[in-house]
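A short worksheet on the structure shown next.
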Amino acid sequence: MVTGVRAAGALGRGLVSVGTVTAIAVAAHTAWNLRSLRRPAPRTPSAVPGTGDAQAAVRERVSLLIPARDEAGTIAAAVASALAQDDSAGEVHWDLEIVVLDDGSQDSTGDLAERAAAGDPRVRVLRAPDEPPPPGWLGKPWACARLAREATGSILVFVDADVVLDPHAVASLVDEMRSSGLQMVAPYPFQQAVGPLERIVQPLVTWAWVATMPLAWAERTRRPSLSAANGQLIAMDADAYRAAGGHGAVAGDVLEDVGLMRAFKRAGFRTATVDGSHLATCRMYESSGAVVDGYGKSLWAAFNGPAGSVAVNTLLLTAYVVPPAAVVLAPRRSTRALGLLGYAAGVTSRALVARRTGEPVMPDALAHPASILAFGVLNAVSWTRHLRGTNSWKGRPVS
């Protein structure tokens, strides 16, 4: 029996060691990654030689596309922020069209969008009946595909109806794309979190890719697996979008944003995941129930199947829950000290990202183990609903 206790103790110390080493490695990678993280901003306009005209350099049309279904609470602010875009900023001179698709809303989304447009000729509000998407399509990709068909711009910017743009957002994305030779720029907006579960879960939206994805390599390589995108806001070259298959290439993808970046990479195009916390703000979910439902519909699709999901969640729990648990539960002082080191590394990684993106640093970063636990529970909820066929979003099935 004594031998068994010793073996269990050795196994526990080994697990704490693995978790702590992993947390330290991720913290170091986070700090290194932040050196490579793009933060788009509009450049100072420069004149074409011989003209003296700072706005004659390049002229493009930008189509800002907003899919909206039952978004009465947010659509007016989204349209207003789109209309407030500063088209005099940046090196690339552009003009703007805004197309809103009221996708079969059961509320006043379409009317509020038209009221927010106030007759501005740059805005078109399209009305679609509340019908199921065609076979093989999910609701959002189908809405985005219809918007893309209506677009006349050489640059497409898809914006969710709960996103509020900074006045320089479009100029920043256009300049970043054209000056860097990119065909897609995927900024992650600032994630506004109000309720307790939001504050626990939402910081992981940005932390996960900043901490784990090698950003410099991801930009250089065409490997589809190194893709991170957020459909709340995403900009792309229109010709590249069509060459990559558009939303038809991701018609049945729950995570159509990541799928679209992968399609771009497979087609040989350059993409970049960037810090968009200064360009846009989004409150994804306004209640704890909405957080559960929102992540429940999609997390099952995040890690390429059940084996990948189990592997990723096991690694996260080992790195960020086991060490702090050892601080409380381990009988040996040396194991508790090792666990404290791992916990501090996890908090450091989280705090580095929060400070860069303007999210609350303390005390929120101290709750990183709770965030990882909540993420694991949401994964389990998502898989349960997926296997039962009960996943839905805004009245439409998603799995």
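The values are calculated or read from the model by the stated rules, or taken from the named source; none is laboratory data. If you're wondering where the values come from, they're calculated on a predicted model, not measured in any experiment. Note that each Cβ is placed from the backbone with ideal geometry, even for glycine, and that neighbours are counted across all protein chains shown.
Quick check, is Gly195 in contact with a Phe, Trp or Tyr (Cβ under 9 Å, 6 or more places away or on another chain), surrounded by fewer than 23 Cβ atoms within 10 Å (Cβ to Cβ) and within 26 Å of Leu147 (Cα to Cα)?
Judged against the criteria, Gly195 is not a match.
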- prompt: Going by the conditions given, is Gly376 on the phi > 0 side of the Ramachandran plot, out of contact with any Cys (no Cβ under 9 Å at 6 or more places or on another chain) and in contact (Cβ under 8 Å) with a residue 24 or more places away in the chain?
  reply: no
message: Take the conditions of a type in the set (Asp, Glu) and under 30 Å from Arg61 (Cβ atoms) and apply them to Asp257. Does it pass?
response: yes
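Could you please let me know if Ala28 is closer than 30 Å to Ala326 by Cβ, buried (at least 17 other Cβ atoms within 10 Å of the Cβ) and modelled with pLDDT of 95 or more? Give the derivation first.
Details: closer than 30 Å to Ala326 by Cβ: yes; buried (at least 17 other Cβ atoms within 10 Å of the Cβ): no; modelled with pLDDT of 95 or more: yes.
No; evaluated as a whole, the condition is false for this residue.
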- request: Kindly establish whether Val353 is surrounded by 17 or more Cβ atoms within 10 Å (Cβ to Cβ) and assigned to a helix (DSSP H, G or I).
  value: yes
query: Within region 303-326, is even one residue within 19 Å of Leu233 (Cα to Cα) and of a type in the set (Phe, Trp, Tyr)?
result: no
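I'd like to know if region 146-169 contains one or more residues that are without any contact (Cβ under 8 Å) to a residue 40 or more places away in the chain, part of a strand (DSSP E or B), outside the structural domain of Leu366 (by TED's automatic domain parsing) and of a type in the set (A, V, I, L, M, F, W, C).
Kept after step one, since they are without any contact (Cβ under 8 Å) to a residue 40 or more places away in the chain, are these residues of region 146-169: 149.
So of that shortlist, the ones also part of a strand (DSSP E or B) come out as none.
There is no residue in region 146-169 that is without any contact (Cβ under 8 Å) to a residue 40 or more places away in the chain, part of a strand (DSSP E or B), outside the structural domain of Leu366 (by TED's automatic domain parsing) and of a type in the set (A, V, I, L, M, F, W, C).
How many residues, within region 303-318, are of a type in the set (Gly, Ala, Ser) and surrounded by 19 or more Cβ atoms within 10 Å (Cβ to Cβ)?
The first filter runs over region 303-318 and keeps only residues of a type in the set (Gly, Ala, Ser), leaving 305, 307-309, 311.
Restricting the remaining residues to those that are surrounded by 19 or more Cβ atoms within 10 Å (Cβ to Cβ) gives 309.
Selection size over region 303-318: 1.
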query: In the set Ala208, Ala280, Ala235, which member is crowded, with 20+ Cβ neighbours inside 10 Å and either within 26 Å of Arg350 (Cβ to Cβ) or not assigned by TED's automatic domain parsing to the domain that holds Arg146 (or both)?
result: Ala280
query: Counting only residues that are farther than 19 Å from Val250 by Cβ and surrounded by fewer than 20 Cβ atoms within 10 Å (Cβ to Cβ), how many does region 115-152 have?
result: 14
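Quick check, is Leu101 surrounded by 20 or more Cβ atoms within 10 Å (Cβ to Cβ), on the phi < 0 side of the Ramachandran plot, part of a helix (DSSP H, G or I) and at pLDDT 90 or above?
On the way: surrounded by 20 or more Cβ atoms within 10 Å (Cβ to Cβ): yes; on the phi < 0 side of the Ramachandran plot: yes; part of a helix (DSSP H, G or I): no; at pLDDT 90 or above: yes.
Taking the combined requirement at face value, the residue does not satisfy it.
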query: Is one or more of the residues making up region 256-263 part of a strand (DSSP E or B) and charged (D, E, K, R)?
result: no
- request: Assess whether Ala240 counts as being of a type outside the set (Asp, Glu), closer than 22 Å to Cys144 by Cα and either out of contact with any Gly (no Cβ under 6 Å at 6 or more places or on another chain) or assigned to a helix (DSSP H, G or I) (or both).
  value: yes
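So which of Pro360, Pro369 is within 22 Å of the chain's Cα centre (by Cα), assigned by TED's automatic domain parsing to the domain that holds Ala23, touching a residue at least 12 places away in the same chain (Cβ under 8 Å) and surrounded by fewer than 18 Cβ atoms within 10 Å (Cβ to Cβ)?
Values: Pro369 fails: surrounded by fewer than 18 Cβ atoms within 10 Å (Cβ to Cβ).
Only one candidate qualifies: Pro360.
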statement: All conditions in (1) touching a Gly at 6+ places or on another chain (Cβ under 8 Å); (2) closer than 30 Å to Pro397 by Cβ; (3) of a type in the set (A, V, I, L, M); (4) without any contact (Cβ under 8 Å) to a residue 40 or more places away in the chain are true of Ala307 except (1)
task: Would you check if there is a residue in region 304-316 being within 21 Å of the chain's Cα centre (by Cα), among the aliphatic types (A, V, I, L, M) and in a helix (DSSP H, G or I)?
output: yes
- prompt: For residues in region 184-208 being out of contact with any helix residue (DSSP H, G or I) (no Cβ under 8 Å at 6 or more places or on another chain) and in a helix (DSSP H, G or I), which is modelled with the lowest pLDDT?
  reply: Val205
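Being more than 15 Å from Ala370 (Cβ to Cβ) and crowded, with 19+ Cβ neighbours inside 10 Å is the filter; apply it to region 319-340 and report the residue that is nearest to the chain's Cα centre (by Cα).
Going residue by residue through region 319-340, those that are more than 15 Å from Ala370 (Cβ to Cβ) are 326, 329-340.
From what is left, the residues that are crowded, with 19+ Cβ neighbours inside 10 Å are 326, 330, 335, 338-339.
Working: Ala326: 32, Ala330: 37, Thr335: 37, Leu338: 33, Gly339: 31 Å.
Here the residue is Gly339.
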